[in-house]
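Below is one structure, written out as structure tokens; the observations come after it.
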Amino acid sequence: LTLAVTDGMVVGVGAERYVAPLDCIVESGQPAPGQVRAVRGGRALAYELRGDYLPLIEVGRLLGLPGCDTPFERGIVVAVDAGGTRQALFVDRLLGQQQFVVKSLEPNLRKPPAFAGATLLGDGCVAMILDVEALPALAGERLALAA
């Protein structure tokens, strides 16, 4: 039995909860007016962070979750650095930081493209662990399909 214990930030997206690994989070906060901009003719979004523009991934829309229509000024942007690439994830709310045990999904399922594994939260609920390195590619595929 192999266990991996790591730190993570629990985020809420719609009615769901997910975990983002803490070691890749640069910062988080509520976006100010004008920090989120449409790019590529309105097909994609960018988040302005101290003069840099990071690709913005709306996690709820990417995962196809219902009820993910939180306005940008009321949600949270989590800036992450995954494999040397900085990006921003838009979520509805931050729910707290905690340590969690990573449970691999691959022995039982083929690897889901947006998730690195799963964990049990303190209340007994299962939360999927976001694969922040895979999310940009998945978002790019969805953007290409929509074109």
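Data for the structure
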| quantity | calculated |
| --- | --- |
| Total residues in region 45-66, condition buried (at least 17 other Cβ atoms within 10 Å of the Cβ) and either in contact with a Cys (Cβ under 6 Å, 6 or more places away or on another chain) or assigned to a strand (DSSP E or B) (or both) | 10 |
| Region 23-44, residues that are assigned to a strand (DSSP E or B) and open to solvent by 40 Å² or more (accessible area, probe 1.4 Å) | V26, E27, S28, R37, A38, V39 |
| Meets criteria (modelled with pLDDT under 90, part of a helix (DSSP H, G or I) and in contact with a strand residue (DSSP E or B) (Cβ under 9 Å, 6 or more places away or on another chain)) for L105 | no |
| Selected residue [touching a Cys at 6+ places or on another chain (Cβ under 7 Å) and open to solvent by 50 Å² or more (accessible area, probe 1.4 Å)] from D81, D69, D123 | D81 |
| Unique residue being modelled with pLDDT of 95 or more and basic (K, R) when the list is R61, R17 | R17 |
| Qualifying position, being out of contact with any Ser or Thr (no Cβ under 9 Å at 6 or more places or on another chain) and at positive phi, among G140, G117, G42 | G42 |
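Matching residues to (1) touching an Asp or Glu at 6+ places or on another chain (Cβ under 7 Å); (2) touching a residue at least 60 places away in the same chain (Cβ under 8 Å); (3) over 26 Å from G29 (Cβ atoms):
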site	(1), (2), (3)
V77	no, no, no
G84	no, no, no
V91	no, yes, no
G96	no, yes, no
F100	no, yes, no
K111	no, no, yes
A127	no, yes, no
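The values are calculated or read from the model by the stated rules, or taken from the named source; none is laboratory data. Note that this is a predicted model, so its numbers are computed, not measured. Quick reminder, even Gly has a Cβ in these numbers, built from the backbone with ideal geometry, and neighbours come from all protein chains shown. With ligands, DNA and RNA removed, areas are computed over all heavy atoms of the protein, side chains included. Shrake-Rupley method; radii C 1.70, N 1.55, O 1.52, S 1.80 Å.
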